[in-house]
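Trainee: Just passing along the structure, written as structure tokens.
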Amino acid sequence: MDGNGRWAEKRGLPRLVGHEQGAKSIRACVEAAIEAGVEFLTLYAFSSENWKRPAAEVAGLMRLLERFLDEKVKEMKKEGVRLQAIGRLQELPSSCQRKLAEAIASTETNTRLTVVLALSYSGRTEIVEAVKQIVRESREGELSEDDITQDFFSAHLDTRNLPDPDLLIRTSGEMRVSNFLLWQLSYTEIHVADCLWPDFGKDDFFEALADYQKRNRRYGGI
Ligand code: IPE
Ligand code: MG
């Protein structure tokens, strides 16, 4: 979800206003995803690298996350949305962690759409953590080299209960992956939308899906 800062700067507004506006785009995408029958929607809300931003912006983003959780859980329950999260959640402020855990627990049995928030997320860190976990398991006992298959490795990532994404939508015209789901994106189709994230609406979501439908996925075959 890229372009909040530029959206605000273009209007001479503080960056946080852009983030607030960006949070509103989430609703449109969730609605569009439900209408289209999408089962999993992962939102890259805050990367590990985003901690480097000025403290006031980081604090504003965390407040926004809490507000989002406070305000949206009721709606998610009504719409049958299940909330999940990936990333180093232990690095979030404790009040965020608590609200997130509550929201996840209270939407656990919903089945219509799973919304995954990537928070304090880094694809490389996720891979390194999986390797460390596998080393620990191997030290503890009966793990042989042949046990380490792609499926085994995937099962050690934060996304162990989620399918690999079919489509990656990147906003604000940037052509990079930015440390997002590095392992999981190996055969994901990429759609780059030129508009900034706060301007991204339902129509843009449907346009991305239409673009995806034109792709011929060969997975290295012919
Ligand atoms: C939102 O957009 C991404 C978040 C970290 C929430 P940016 O804040 O990256 O916006 P730009 O790239 O400065 O425009
Ligand atoms: Mg950006």
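No lab work stands behind these numbers, since they all come straight from the coordinates. In this text, all values refer to a predicted model and were calculated from it rather than measured experimentally. Every residue, glycine among them, receives a Cβ derived from its backbone with ideal geometry; neighbour counts consider all protein chains shown.
Trainee: Out of 163, 54, 93, any idea which swings most in a Gaussian network model of the chain, alpha carbons joined below 10 Å?
Mentor: Comparing 163, 54, 93 in a Gaussian network model of the chain, the most mobile one is 54.
Trainee: So what's the net charge close to residue 87: Lys and Arg +1, Asp and Glu -1, counting the other residues with Cβ under 11 Å from its Cβ? Let's see the in-between values first.
Mentor: On the way: positive: 88; negative: 91, 126, 129, 158.
Its environment carries a net charge of -3.
Trainee: How compact is segment 21-129 by the rule of thumb for globular proteins, expressed as Cα Rg over 2.2 N^0.38 Å?
Mentor: Scaled against compact globular proteins, the figure is 1.05.
Trainee: While we're on this one: Can you list the residues, at least 5 places off or on another chain, whose amide H is less than 5 Å from the amide H of residue 40, using H built in the peptide plane?
Mentor: 114
Trainee: Which residues' amide hydrogens lie under 5 Å from the amide hydrogen of residue 167, considering only partners 5 or more residues apart or on another chain, with H built in the peptide plane?
Mentor: Distant-sequence amide H within range of residue 167: 189.
Trainee: Would you mind putting 130-143, 28-41 in packing order, based on average other-beta-carbon counts within 10 Å, highest first? Before the final figure, lay out each step's value.
Mentor: Working: 130-143: 11.8, 28-41: 16.5.
Output ranking for 130-143, 28-41: 28-41, 130-143.
Trainee: Using only the Cα atoms of segment 74-174, what are the Rg and Dmax in Å?
Mentor: 16.3, 48
Trainee: For residue 189, what charge total do you get from the other residues with a beta carbon under 13 Å from its beta carbon, if Lys and Arg give +1 and Asp and Glu give -1?
Mentor: Once all neighbours under 13 Å are counted, the net charge is +2.
Trainee: Amide H of residue 3: which non-local residues (sequence gap of 5 or more, or other chain) have their own amide H closer than 5 Å, using H built in the peptide plane?
Mentor: Hits under the 5 Å cutoff: 197.
Trainee: Please give the length that would be gained between residue 31 and residue 132 if that part of the chain were fully extended, namely 0.36 nm times their separation in residues minus their C-alpha to C-alpha distance (nm, one decimal).
Mentor: Values: separation 101, 0.36 × 101 = 36.36 nm, distance 3.83 nm.
Result for the pair: 32.5 nm of gain on full extension.
Trainee: So what's the angle, to the nearest 10 degrees on a 0 to 90 scale, between helix 202-213 and the longest Cα principal axis of the chain?
Mentor: That works out to roughly 40 degrees.
Trainee: Same structure, new question: With a bin width of 5 angstrom, please list the P(r) values of the chain as percents of all Cα-Cα pairs, from the 0 bin to the one holding the largest distance.
Mentor: 1, 6, 13, 17, 19, 18, 13, 7, 4, 2, 0, 0, 0
Trainee: What percent do you get for the relative contact order of the chain when only Cα pairs under 8 Å and 6+ apart count?
Mentor: Details: 292 pairs, mean separation 57.6, N = 222.
Relative contact order, the chain: 26 percent.
Trainee: Let me ask something additional. Residue 167 versus residue 190, label points 7 Å from Cα toward the beta carbon: distance in nm?
Mentor: For residue 167 paired with residue 190, the spin-label model returns 1.7 nm.
Trainee: Also, quick follow-up: Quick one: net charge of residue 18's neighbours, Cβ under 13 Å, K/R +1, D/E -1?
Mentor: My count for the surroundings of residue 18 gives +1.
Trainee: While we're on this one: Where does helix 15-36 land angle-wise versus the long Cα axis of the chain, in degrees 0 to 90, nearest 10?
Mentor: Here the helix axis deviates by roughly 70 degrees.
Trainee: In the chain, with Lys and Arg counted as +1 and Asp and Glu as -1 at Cβ, which of these residues, 154, 68, 181, has the Cα nearest the positive end of the dipole, that is, farthest along it?
Mentor: 68
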